[in-house]
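In what follows, a single structure is set out as structure tokens and then discussed.
The values are calculated or read from the model by the stated rules, or taken from the named source; none is laboratory data. This structure is a prediction, so every number in the text was calculated from the model and none was measured. Cβ placement follows ideal geometry from the backbone for every residue including glycine, while neighbour counts extend to all protein chains displayed. Accessible surface is based on the protein model in full, side chains and every heavy atom, while ligands, DNA and RNA are left aside. Shrake-Rupley method; radii C 1.70, N 1.55, O 1.52, S 1.80 Å.
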Amino acid sequence: MTAMGGPKSKAAQVADALRADIKEMKPGDRLPSQRELAERFGFASQTIQNALAALRNEGLIVSAGNLGNFVGDGAPTGDVRDEIKEIRSQIQALAERVAALECRSDQSGA
């Protein structure tokens, strides 16, 4: 339940499921890719990114940029550099999506 008493957000649902998965894993184990998680849960990549961000903030996972996400040691992260890397990664993903949409738009408009 959310603070408002309604159903959990999709990102919270994903984070809950991944918390259960992480309990069965050990520090350093690699999580599935964002694409694999999006396919598993049937949610948009941004929803998956939001769930992973929550787990990173809790210290349950650590991001290694393009290498993926790994089970952490449970210590909350406070490294601004990691946050900047994650923001850059999200911006890159969004830029790629915009470029793909623009390409589709150009093809259909021609």
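Might you let me know whether the range 42-51 holds any residue that is at pLDDT below 95, among the small types (Gly, Ala, Ser) and surrounded by 13 or more Cβ atoms within 10 Å (Cβ to Cβ)?
Scanning the range 42-51, I find at least one residue that is at pLDDT below 95, among the small types (Gly, Ala, Ser) and surrounded by 13 or more Cβ atoms within 10 Å (Cβ to Cβ), so the answer is yes.
Which one of these does ARG97 not meet: (1) touching a residue at least 12 places away in the same chain (Cβ under 8 Å); (2) in a helix (DSSP H, G or I); (3) open to solvent by 50 Å² or more (accessible area, probe 1.4 Å); (4) of a type in the set (Lys, Arg)?
(1)
Condition check ((1) at positive phi; (2) over 13 Å from the mean Cα position of the chain (by Cα)) across all residues:
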{"site": "ALA20", "(1), (2)": "no, yes"}
{"site": "GLY28", "(1), (2)": "yes, yes"}
{"site": "THR47", "(1), (2)": "no, no"}
{"site": "ARG56", "(1), (2)": "no, no"}
{"site": "ASP73", "(1), (2)": "no, yes"}
{"site": "ALA95", "(1), (2)": "no, yes"}
{"site": "SER105", "(1), (2)": "no, yes"}
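Of all residues being hydrophobic (A, V, I, L, M, F, W, C) and part of a loop (DSSP other than H, G, I, E, B) in the range 60-86, which is modelled with the lowest pLDDT? Just the residue, please.
Once the filter is applied, the top-ranked residue is ALA75.
If we scan the range 16-23, do we find a residue that is part of a loop (DSSP other than H, G, I, E, B) and open to solvent by 40 Å² or more (accessible area, probe 1.4 Å)? First the steps, then the outcome.
As a first pass, look at the range 16-23 and keep what is part of a loop (DSSP other than H, G, I, E, B): none.
The answer is no; no qualifying residue exists.
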